[in-house]
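Have a look at the structure below, then the notes.
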Amino acid sequence: DDYGDGGGGGDDGLQHVSALNRRTQELMSVYVTLEDYYMHESVRKAVAMDELVHDDDGTCVSSMVDYVFVVLQKCSQRALETCNIDCVCALVNILTSCVAGDLLATLNAALADATAMRLGRSAAEKRAELIVALNNLDVCSANVAKTRADLDRRCADVFGGAHLAKARGVLNGLGDARADAVVS
């Protein structure tokens, strides 16, 4: 048997532990599926509700970037609270997919649109669109770095040894997403 009970079900308690492990894995699988849906839908909704905002320093950015990272940070916190390394790694991979796929695709499309030659736009409108697109990529890159550092620190608080090394290996993918935001 894959769960170590040997199929015997003797009085040593292994059958009970194996059943508990199976149920825990099933529960984590459902949890990861729900978080996956929630993260991707939250990115989609943030894009749909996007509006221009001015940072404290007067920089003009889209509201979606900060909103997306607030949601992703909450999701990662919930994953860490499970204290299950496989669950944390799965959620970090989903988080990376949301950033590298959904969010960066939207930001890159906005950048491409801002640099496209279209009739009917004034030079000031083109410049404003380009500034917002570049600021969004900059804020996204900074948020990825902050999120990665925060997750690394919190993983170190929860895990040790091989589990911490596994978490850090998955976090490297999030660092690659940051590089994608900078290169874009």
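The values are calculated or read from the model by the stated rules, or taken from the named source; none is laboratory data. What you see is a predicted model, and the numbers here were worked out from it, not measured in a lab. Here the Cβ is made from the backbone with ideal geometry for all residues, glycine too, and neighbour counts use every protein chain on show. Accessible surface is based on the protein model in full, side chains and every heavy atom, while ligands, DNA and RNA are left aside. Shrake-Rupley method; radii C 1.70, N 1.55, O 1.52, S 1.80 Å.
On the basis of being closer than 17 Å to Asn93 by Cβ and at pLDDT 85 or above, does Ser29 make the cut?
Against the criterion (closer than 17 Å to Asn93 by Cβ and at pLDDT 85 or above), Ser29 qualifies.
Could you check segment 94-132 and list, in sequence order, the residues that are out of contact with any Asp or Glu (no Cβ under 8 Å at 6 or more places or on another chain) and among the small types (Gly, Ala, Ser)?
Ser97, Gly101, Ala105, Ala109, Ala112, Ala116, Gly120, Ser122, Ala123, Ala124, Ala128 - these are the residues of segment 94-132 that are out of contact with any Asp or Glu (no Cβ under 8 Å at 6 or more places or on another chain) and among the small types (Gly, Ala, Ser).
The conditions are (1) under 19 Å from the mean Cα position of the chain (by Cα); (2) open to solvent by 70 Å² or more (accessible area, probe 1.4 Å), and Ala90 fails exactly one of them. Which is it?
Among (1) under 19 Å from the mean Cα position of the chain (by Cα); (2) open to solvent by 70 Å² or more (accessible area, probe 1.4 Å), Ala90 violates only (2).
Which residue, of Leu134, Leu119, is of a type outside the set (Lys, Arg) and modelled with pLDDT of 90 or more?
Leu134
Looking at (1) part of a helix (DSSP H, G or I); (2) at pLDDT below 90; (3) of a type in the set (A, V, I, L, M); (4) surrounded by 14 or more Cβ atoms within 10 Å (Cβ to Cβ), find the lone condition where Val43 falls short.
Tallying (1) part of a helix (DSSP H, G or I); (2) at pLDDT below 90; (3) of a type in the set (A, V, I, L, M); (4) surrounded by 14 or more Cβ atoms within 10 Å (Cβ to Cβ), Val43 fails exactly one: (2).
Quick one: is Ala110 in contact with a Phe, Trp or Tyr (Cβ under 7 Å, 6 or more places away or on another chain) and surrounded by 19 or more Cβ atoms within 10 Å (Cβ to Cβ)?
no
The rows are residues; the columns are (1) surrounded by 20 or more Cβ atoms within 10 Å (Cβ to Cβ); (2) within 15 Å of the chain's Cα centre (by Cα).
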| site | (1), (2) |
| --- | --- |
| Leu72 | yes, yes |
| Asp102 | no, yes |
| Arg118 | no, no |
| Ala124 | no, no |
| Leu134 | no, no |
| Lys146 | no, yes |
